[in-house]
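What follows is a short report on a single structure.
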Amino acid sequence: MTVVANEKIDDKKLQKASEIILELQNEMPKYISNGSGPFLAAIYDNQGNLIAKEANSVVSQNCSHNHAEMNAIKAAEKKLNTYDLSAFNLSLYVTSEPCIMCLGGIMWSGIKAVYFGVPSKRVEEITGFDEGFKPNWFEEFKKRGITVYGNIAQDAGEKVLKDYVSGGYKVYKPER
Ligand SMILES: [Zn+2]
């Protein structure tokens, strides 16, 4: 799968994002074996300082909105003591494409850039998780000044998700 973006691809940004997302994918099994869902997000400032790193904790904390992105945003806002991260010029790196809820959470947080690994379509195909409906979000984020790059280190990410399913871990969603 080729990398997709809502701006002309900047090789330096992509290189840095590839390194960070690959590192997150490599760390994922440790989080999964400690009870996290198979998604991990990290927020960095533009000097490369790590501000927050959080995994999905829906099952372990009994909270349906504890996705990795939401947890990382919450931790960053707490650490920086603000509800608006805009002034900090932060980037969110996440192992899979944000779901419909997290897109909203990212928009209201003031995050300036999103870099993700496995696209939602593949997450749904591999795991059965429901990622929601997300019409044209690359363009909508662009209008709001949020950079998006996706399908980064996708093969490594798909392997983590496949291992999660074959490991018999829970694919949680509401009953319908
Ligand atoms: Zn989400």
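The values are calculated or read from the model by the stated rules, or taken from the named source; none is laboratory data. None of the values given here were measured: they were computed from a predicted structure. Cβ: placed from backbone, ideal geometry, glycine included. Neighbour counts: every protein chain shown.
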Failed criterion for E125 (all others in (1) part of a helix (DSSP H, G or I); (2) in contact (Cβ under 8 Å) with a residue 24 or more places away in the chain; (3) among the acidic types (D, E) hold):
(2)
Please give the number of the condition S36 fails out of (1) away from the ligand (no atom under 14 Å from the Cβ); (2) more than 12 Å from the chain's Cα centre (by Cα).
(1)
Among (1) within 18 Å of K30 (Cα to Cα); (2) over 17 Å from the mean Cα position of the chain (by Cα); (3) part of a helix (DSSP H, G or I) - the single one Y169 does not satisfy
(3)
Scan G150, G105, G128, G157 and give me the residue that is closer than 30 Å to G168 by Cα, within 16 Å of the ligand (Cβ to nearest atom), modelled with pLDDT under 95 and not polar (S, T, N, Q).
G128
Test: I111 is away from the ligand (no atom under 16 Å from the Cβ) and either surrounded by fewer than 12 Cβ atoms within 10 Å (Cβ to Cβ) or not in a helix (DSSP H, G or I) (or both)
no
Determine whether segment 133-144 contains at least one residue that is out of contact with any Cys (no Cβ under 9 Å at 6 or more places or on another chain), of a type in the set (K, R), free of Cβ contacts under 8 Å to residues at least 24 places away in the same chain and closer than 21 Å to K8 by Cα.
yes
Test: K79 is loosely packed, with under 13 Cβ neighbours inside 10 Å and at pLDDT 95 or above:
yes
Just one of (1) aliphatic (A, V, I, L, M); (2) modelled with pLDDT under 95; (3) over 19 Å from N56 (Cβ atoms) trips up V171, so point out which.
(3)
Complete set of residues in segment 46-62 that are closer than 17 Å to N34 by Cβ and not in a loop (DSSP other than H, G, I, E, B):
K53, E54, A55
Take the residues in segment 63-103 that are of a type in the set (G, A, S) and outside any helix (DSSP H, G or I); name whichever of them is nearest to Y44 (Cα to Cα).
S91
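Being touching a Pro at 6+ places or on another chain (Cβ under 9 Å) and either buried (at least 20 other Cβ atoms within 10 Å of the Cβ) or of a type outside the set (D, E, K, R) (or both), is that true of even one residue in segment 140-148?
No, segment 140-148 contains no residue that is touching a Pro at 6+ places or on another chain (Cβ under 9 Å) and either buried (at least 20 other Cβ atoms within 10 Å of the Cβ) or of a type outside the set (D, E, K, R) (or both).
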Just one of the numbered conditions (1) away from the ligand (no atom under 13 Å from the Cβ); (2) more than 16 Å from M1 (Cβ to Cβ); (3) touching a helix residue (DSSP H, G or I) at 6+ places or on another chain (Cβ under 7 Å) is not true of A87; which one?
(3)
